[in-house]
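The values are calculated or read from the model by the stated rules, or taken from the named source; none is laboratory data. From a predicted model like this one, the values you see are computed outputs, not experimental measurements. Here the Cβ positions follow ideal geometry from the backbone for every residue, glycine too, while neighbour counts run over all protein chains shown.
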Amino acid sequence: MNPPIIDTSILVDHLRRRPEAQSYILQVAPQGLFTHATVLAELIVGVRDKAELHALDATLRPFQILHVNDADSASALELLRTYRLSHGTGYLDSLIAATALRLERPVATTNDKHFRPIPGLQLIRPY
């Protein structure tokens with residue numbers, strides 16, 4: 001299995017020093033650490049000052065940031081159209097899912113509600 005794309009929920013827990021999140025990050029680190037550009041954007045929006053931004057940058061230094069391509073963008077819009085009303089799936093989750101499907105990577109999250117209905121998407125709920 002390819003290393004997972006680590007979602008916002010786990011990284012927020014990691015930044016808050018939640019032991020389960022820290023343990024999971026250490027567990028998957030030997031395979032490589034990956035997150036998505038939309039996750040990074042969500043985390044940046046949540047910082048309150050430059051010190052928190054520097055701490056975020058330091059935490060994410062070992063991560064490879066995955067970006068959407070044109071196909072991901074088109075796929076995300078279809079996922080949004082299909083699952084927004086029935087399951088509450090948002091655009092950012094749709095972008096993450098589209099990239100994960102293209103790269104054949106699971107998504108590691110503790111907030112799997114919006115990802116669960118997407119066919120073919122592998123989910124990991126580590127804790």
Going through the range 31-44 in order, the residues found to be part of a helix (DSSP H, G or I) and under 15 Å from the mean Cα position of the chain (by Cα) are Ala37, Thr38, Val39, Leu40, Ala41, Glu42, Leu43, Ile44
Output the residue which, of all residues in the range 9-22 that are free of Cβ contacts under 8 Å to residues at least 60 places away in the same chain and part of a helix (DSSP H, G or I), is nearest to Leu103 (Cα to Cα). Leu11
Just checking, does the range 15-35 include any residue being surrounded by 13 or more Cβ atoms within 10 Å (Cβ to Cβ), in contact with a His (Cβ under 9 Å, 6 or more places away or on another chain), among the polar types (S, T, N, Q) and closer than 15 Å to Ala108 by Cα? yes
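Can you find a residue that is in a strand (DSSP E or B), modelled with pLDDT of 95 or more and among the small types (Gly, Ala, Ser) anywhere in the range 72-86? Even if it seems obvious, please write down each step before you answer.
Step one: of the range 72-86, the residues in a strand (DSSP E or B) are none.
No: the range 72-86 contains no residue that is in a strand (DSSP E or B), modelled with pLDDT of 95 or more and among the small types (Gly, Ala, Ser).
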Any residue at all in the range 60-71 that is of a type in the set (Gly, Ala, Ser) and either surrounded by 14 or more Cβ atoms within 10 Å (Cβ to Cβ) or without any contact (Cβ under 8 Å) to a residue 12 or more places away in the chain (or both)? no
For the range 8-31, the count of residues that are farther than 12 Å from Phe63 by Cβ, touching a helix residue (DSSP H, G or I) at 6+ places or on another chain (Cβ under 8 Å) and not small (Gly, Ala, Ser) equals 7
Hey, does the range 51-67 have a residue that's part of a loop (DSSP other than H, G, I, E, B) and out of contact with any strand residue (DSSP E or B) (no Cβ under 7 Å at 6 or more places or on another chain)? yes
Read through the list (1) at pLDDT 95 or above; (2) within 24 Å of Val12 (Cα to Cα), then give the number of the only condition that Arg102 fails. (2)
